[in-house]
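Okay, structure first, notes after.
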Amino acid sequence: MTRAERSPALLVAGTAVFFLLMPLQVAVTVPWLLSRWRMGSPLLGWPGFRVMGAVLIAAGVPVLLAAIVRFVRQGRGIPTPVLPARHLVVTGLYRHVRNPMYVAVVSVIVGQALLLGSAALLRYALVVAAGFHLFVLLHEEPSLSHRFGAEYEAYRRAVRRWIPRVKPWTPES
């Protein structure tokens, strides 16, 4: 099947498999194994961290889902190196941050750590964030630069890798 022939069914099935194998395992299964969802004492003894944790989880889940849907619909690919996007995705949440899926996953894990009062989950979030950072630096960015050239370079100069822009970027700006 050529890149031009990617059917919606293939994209949906591939994305479902991706979701089950990657974000779900990283953001749900491993945190459950580390915490068994048991509430510990609030980190640093401050109960406000629990509220912050709930907010991070509540924000991270829809961001992850929206970013995946946009990637599939606009990019016409699956968020894996196996079947990458045919088109550079620079709309929606991607106008604010280059890696909304990774930011969302780390947000959910940090949220769980704060909500549950789990230092182990906080350490795990740091390991996941470091892994994402290395993957982006060593694989994703060079690959996107090679595949999309000047279009990606302009986007990369305008939109930060991890910290969202307040004002959404547009290619004309």
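The values are calculated or read from the model by the stated rules, or taken from the named source; none is laboratory data. Worth saying up front: this structure is predicted, and the values here are computed from it rather than measured. Neighbour counts run over all protein chains shown; Cβ positions are idealised from the backbone, glycine included.
The condition of being among the charged types (D, E, K, R) and either more than 30 Å from TRP169 (Cβ to Cβ) or under 14 Å from the mean Cα position of the chain (by Cα) (or both) holds for only one of ARG86, ARG123, that being ARG123.
Taking first residues from region 29-55 that are farther than 15 Å from GLY111 by Cβ and modelled with pLDDT of 95 or more and partners that are assigned to a helix (DSSP H, G or I) and not hydroxyl-bearing (Ser, Thr, Tyr), the Cβ contacts under 7 Å between residues at least 6 apart in sequence or on separate chains come to ARG38/LEU116. Could you look through region 66-117, keep only residues that are hydrophobic (A, V, I, L, M, F, W, C), touching a residue at least 60 places away in the same chain (Cβ under 8 Å) and part of a loop (DSSP other than H, G, I, E, B), and pick out the one that is surrounded by the most Cβ atoms within 10 Å (Cβ to Cβ)? The selected residue is ILE78. Assigned to a helix (DSSP H, G or I), of a type in the set (Ser, Thr, Tyr), touching a residue at least 24 places away in the same chain (Cβ under 8 Å) and under 22 Å from VAL69 (Cα atoms): is that true of TYR124 in this structure? When the stated conditions are applied, TYR124 does not pass them. Do the conditions hold for PRO62, that is, is it within 17 Å of ALA27 (Cβ to Cβ), surrounded by fewer than 17 Cβ atoms within 10 Å (Cβ to Cβ) and at pLDDT 90 or above? Yes, satisfied.
When HIS139 is tested against (1) in contact (Cβ under 8 Å) with a residue 24 or more places away in the chain; (2) surrounded by fewer than 16 Cβ atoms within 10 Å (Cβ to Cβ); (3) over 18 Å from LEU83 (Cα atoms), exactly one condition is not met: (3). Restricted to region 142-160, and to residues there that are buried (at least 16 other Cβ atoms within 10 Å of the Cβ) and not hydroxyl-bearing (Ser, Thr, Tyr), the residue that is nearest to LEU115 (Cα to Cα) is VAL159.
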